[in-house]
Amino acid sequence: MERIYANQLDESMLGREVEVAGWIEDIRELGAINFIIVRDVTGGIQVIADPSMLVSNGIKITRQSSVKVKGRVQRSRSVNYPFEVKAESIQAYSIAKHPLPIDPTGRVNASLDARLDARALDLRNPSVAAIFKLRHHTLQIIRRVLVEKGFIEVNTPKIIGSASEGGANLFKFSYFNNRQAYLAQSPQLYKEQLTLALDRVFEIASYYRAEKSHTTRHLNEFVSVDVEAAYMDADDVMRVAEELIVEVFKELKSKCSKELDLVGSNIDVPSLPFPRMSYVQVVEMLKKEHGMNIEVGDDLGDHALRLLGESMKGFYFIVDWPTNLKPFYIHERDDDPRFSYSFDLQYGALELASGGKRQHDASRLRKRLVEQGLDPEDFRDHLKVFEWGMPPHAGWGLGLDRLMMVICNVKNVREVVLYPRDTERLRP
Ligand code: AMO
């Protein structure tokens, strides 16, 4: 007999013998009959069963147990479930042991920590599962759009021998023959090198930063969508980013309205182009509108971004950052080298992505490394590529977890990551 899912139950199935498999979400015992809600990944199914069917080898089948029900489809009088399955047998595969650490129906509130400790069970809550279905669709849309724009998907190493973003925040460990190895902070150097031959590349992967930030938007392991393109400049790759985001929002809105409703998010498709503000304009705005004590050359820290988020809503770019606030690989402006061809993509106060045009001249790149206190010798594998006919190139890295915060309208990045890693959390 064929297994059917909850979302397949319809008029055409009336009278048919079916098998449904999932977990028992609810049991209502009404004398001679039990009303059971069996839930699978697609939804709930009402099952009518004889009370004797809820016992397996003398043990009562509990809520959340995994079961398979065989029965016939009939019309139901319930408002929520127009069709139901009249059980002929119920087979229990595994009986859930009570008390359970959390109630995944969401009827009893649990803290985020308790939910993360029981994440697999937490995902049985349809509004939690919806976050990860939206994440799945977002990844699919990102891949489709980037491939349509001529980008090739690549996989670069995550165990690396020299820093990709400078020396800070590296997770270090000992590799074979007593060599020092690191976990990649980003695919920066590899993705740049790949433009030499592959022209346009993208990668979606996890990266690792040993930062001790206790915030609702930082994790020690996060997923980044990275692109890098030969013969593009900062404006070109900013267009790629904004068009990508618009496509993601459009498609989610049209294909995932059920999931968006479940997470309680009402996304609006942003219009193109996203507003652009220069770093200098941002500093002026912070001084004028917020009376902030900030000067050109200062980084935009948490406080500055929070104030900026009060004035700027939705998506926008901050462009032309001071060169010394950006990593060594960012290209200085030709007309004023104190500033650079760089940008951050913001959503209100939240930084979603950063990127820019890259320095592709080997000697200037070497000079920039020294200026930033880095040893060019550590970057020898990278620098030599720049002697092999490196094209001009540009790119960005977009924090997928942060984008999901915006899509799902949640305040804590841990909500949108299955098993988050932060300074406190290493398990499960
Ligand atoms: P950056 O360091 O700004 O740039 O990172 C890019 C984006 O990645 C996300 N992100 C994080 N998300 C969660 N937790 C973290 N600890 C964390 N760190 C970063 C943010 C951020 O905007 N190589 C450059 C990108 C480039 O120029 O192409 C880079 O890594 O959303």
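Residues in segment 174-214 that are assigned to a loop (DSSP other than H, G, I, E, B), modelled with pLDDT of 95 or more and polar (S, T, N, Q): Gln185, Ser186.
Within segment 386-422, the set of residues being in a helix (DSSP H, G or I) and either open to solvent by 10 Å² or more (accessible area, probe 1.4 Å) or within 13 Å of the ligand (Cβ to nearest atom) (or both) comprises Leu400, Asp401, Arg402, Leu403, Met404, Met405, Val406, Val413, Arg414, Glu415, Val416.
For segment 321-337, the count of residues that are touching a helix residue (DSSP H, G or I) at 6+ places or on another chain (Cβ under 6 Å), open to solvent by 40 Å² or more (accessible area, probe 1.4 Å) and within 16 Å of the ligand (Cβ to nearest atom) is zero.
I'd like the full set of residues that are modelled with pLDDT of 95 or more and hydrophobic (A, V, I, L, M, F, W, C), limited to segment 1-32. Correct list: Ile4, Ala6, Leu9, Met13, Leu14, Val18, Val20, Ala21, Trp23, Ile24, Ile27. The set of residues in segment 170-201 that are open to solvent by less than 40 Å² (accessible area, probe 1.4 Å), of a type in the set (A, V, I, L, M, F, W, C) and touching a residue at least 60 places away in the same chain (Cβ under 8 Å) contains only Leu189. Assess whether Glu251 counts as being out of contact with any Leu (no Cβ under 8 Å at 6 or more places or on another chain) and of a type in the set (Asp, Glu). Here the answer is yes, as Glu251 does meet what is asked. Among the residues of segment 37-78, which ones are in contact (Cβ under 8 Å) with a residue 60 or more places away in the chain and aliphatic (A, V, I, L, M)? Listed by number, the residues that qualify are Val41, Val73.
Does at least one position in segment 112-129 carry a residue that is of a type in the set (Asp, Glu), in contact with a helix residue (DSSP H, G or I) (Cβ under 8 Å, 6 or more places away or on another chain) and open to solvent by less than 20 Å² (accessible area, probe 1.4 Å)? Yes, because at least one residue in segment 112-129 is of a type in the set (Asp, Glu), in contact with a helix residue (DSSP H, G or I) (Cβ under 8 Å, 6 or more places away or on another chain) and open to solvent by less than 20 Å² (accessible area, probe 1.4 Å).
Among the residues making up segment 141-153, those that are touching a strand residue (DSSP E or B) at 6+ places or on another chain (Cβ under 8 Å) and outside any strand (DSSP E or B) are Ile142, Arg143, Leu146, Val147, Lys149, Gly150, Phe151. Per the listing Thr138, Thr105, Thr156, the residue uniquely within 16 Å of the ligand (Cβ to nearest atom), hydroxyl-bearing (Ser, Thr, Tyr) and part of a loop (DSSP other than H, G, I, E, B) is Thr156.
The values are calculated or read from the model by the stated rules, or taken from the named source; none is laboratory data. On a predicted model such as this, the values are computed, not experimentally measured, just so you know. Quick reminder, even Gly has a Cβ in these numbers, built from the backbone with ideal geometry, and neighbours come from all protein chains shown. The protein model used for the area step is the full one, side chains on, heavy atoms only, and it has no ligands, DNA or RNA in it. Shrake-Rupley method; radii C 1.70, N 1.55, O 1.52, S 1.80 Å.
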